[in-house]
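First up is the structure itself, then whatever we jot down about it.
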Amino acid sequence: MAERPIRFGIIGCAEIARKVSRAIQLAPNATVSAVASRNVDKAANFAKANGFPPETKIYGSYESLLDDPDVDAVYLPLPTSLHLKWAVLTAQKKKHLLTEKPVALNVAEFDQILKACEENGVQIMDGTMWVHHPRTHKMKEFLNDKERFGQLKTVNSCFTFFADPDFLKNDIRVKPDLDALGALGDAGWYGIRSVLWAADYELPKTVTAMQHPVLNEASVLLECGASLLWDNGKIATFHCSFLSNLTMNLTAIGTSGTLHLTDFIIPYQEHEASYTTSSKPGFNELVTGWVQLPSEHTVTVDLPQEVCMVREFASLVKNIKNNGAQPDKKWPTISRKTQLVLDAVKASIDKGFQPVEIVS
């Protein structure tokens, strides 16, 4: 007999929930069991528009969904300012938590959420999809290859997109009472995560925000960046913006090789993704061209990266439910490190772009 899939409840009908609810339905070990909005008609329309199973329960309050004994896990796409309240309550109701990023407004809030999850034995994972893509695992193999890549020296990450006037006026990501971290929390989270990923999640010693960030009238960041420095001399930079052309570049440079890709967050195509590696290149005799040209590698996948994320999360939940396993600490540890660096960037901006030491 087939094992019962992990039953997800979705709290909130945000735009990103369309993508993740599709992923839940495509994942082989998960299903959408319930959806909640503060307006029951909105929840019903969301379920219909996204092709949820006819037996999906529709709730007009978040509390009602959390009280449903048939919900195993909750996907939380609410604005960041609401995460603390609803993530803690989700954990207290013994529901496992897949939450949008950033997990919290700061690491103090993050730790309250994590404490609730640990006390109630529930798994938490943030919704950073690209780290679950098979391409990411293949790229990591290259970075770990001492012969082809060597020792990591530098990482540069950039995620920008050009937001239209309506976004800049009305989107929750520019509202101080909803997503006060703005571009830093939304786009910067990805840049910070990519830098930490390349550095094997070793925290930097200091973080220094770049000067001249752009803020809106409500003092929400629309554009910013930072440099990160490690004790052993590694250095990284990231830049994020709502005001520049759509760009998703990631470059990691080692003593012997370079990794480069231009779609690291969302691949150009859903079912395949490429990256470029270069190892010990040089110039030809007349220095008119390169020898040992970079090589492109393409990874074909059966499931999109967001489905891989849901599958991984549901697998961890199933292991807890069926086998009495402890929640996996890898994912909350990675999330917390990302949040720590994010906090340091904000602190550096507030301190006039002075270096801020990371204290874990």
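The values are calculated or read from the model by the stated rules, or taken from the named source; none is laboratory data. For clarity, every value in this text was computed on a predicted model and none was experimentally measured. Quick reminder, even Gly has a Cβ in these numbers, built from the backbone with ideal geometry, and neighbours come from all protein chains shown. Note: accessible area is taken over every heavy atom of the protein model, side chains too, but ligands, DNA and RNA are not part of it. Shrake-Rupley method; radii C 1.70, N 1.55, O 1.52, S 1.80 Å.
Note that region 187-327 presents 48 Å² accessible area per residue, ligands and nucleic acids not counted, probe 1.4 Å. Per-residue ellipticity at 222 nm, computed for the chain from helices alone with -39500 (n - 2.57) per DSSP H run of at least four residues, works out to -10000 deg cm²/dmol.
So, with +1 on the Cβ of K and R and -1 on the Cβ of D and E, and no other charges, what is the size of the charge dipole of region 96-235 about its Cα centre, to the nearest 20 debye? Write down the numbers at each step before the final one.
Numbers: 14 positive and 20 negative charges, 125 e Å.
For this selection, approximately 600 debye.
Along its first, second and third principal axes, ordered by size, the chain spans 71, 52, 39 Å in Cα coordinates. Once you reduce region 15-38 and region 128-171 to the center of their Cα atoms, the two points are 25 Å from each other. Applying 0.36 nm per residue to the separation of Asn170 and Asp41 and subtracting their alpha-carbon distance, the gain on full extension is 44.2 nm. With 29 Å as the limit, the listed pairs Lys19/Lys146; Lys138/Lys234; Lys115/Lys234; Lys42/Lys346; Lys138/Lys280; Lys48/Lys346 have Lys19/Lys146; Lys115/Lys234; Lys42/Lys346; Lys48/Lys346 beyond it between alpha carbons. What part of the accessible area of region 240-298, given as a whole %, is carbon or sulfur when the probe is 1.4 angstrom? Within region 240-298, the accessible surface is 55 percent carbon and sulfur.
The value of relative contact order for the chain, using C-alpha pairs under 8 Å at least six residues apart, is 18 percent. Its residue count N fixes a reference of 2.2 N^0.38 Å for region 157-292, and the Cα radius of gyration divided by that reference is 1.24.
Region 147-215: D in µm²/s via Stokes-Einstein (Kirkwood Rh, Cα pairs, 10 °C, 1.306 mPa s)? Can you show the working numbers first?
Values: Rh = 14.4 Å.
It diffuses with D of about 110 µm²/s by this estimate.
How large is the Rg to Rh ratio of region 40-139 when both quantities use alpha carbon positions and Rh follows Kirkwood?
Rounded to two decimals, Rg/Rh equals 1.01.
At an R0 of 56 angstrom, the distance between the Cβ atoms of Thr247 and Lys94 translates into a FRET efficiency of 0.85.
Looking at the chain, which longest stretch skips every one of the GluC sites (Glu not before Pro) that is in a DSSP loop with at most 16 other Cβ atoms within 10 Å, leaving the sites themselves out?
After excluding every exposed loop site, the longest remaining stretch is 56-146.
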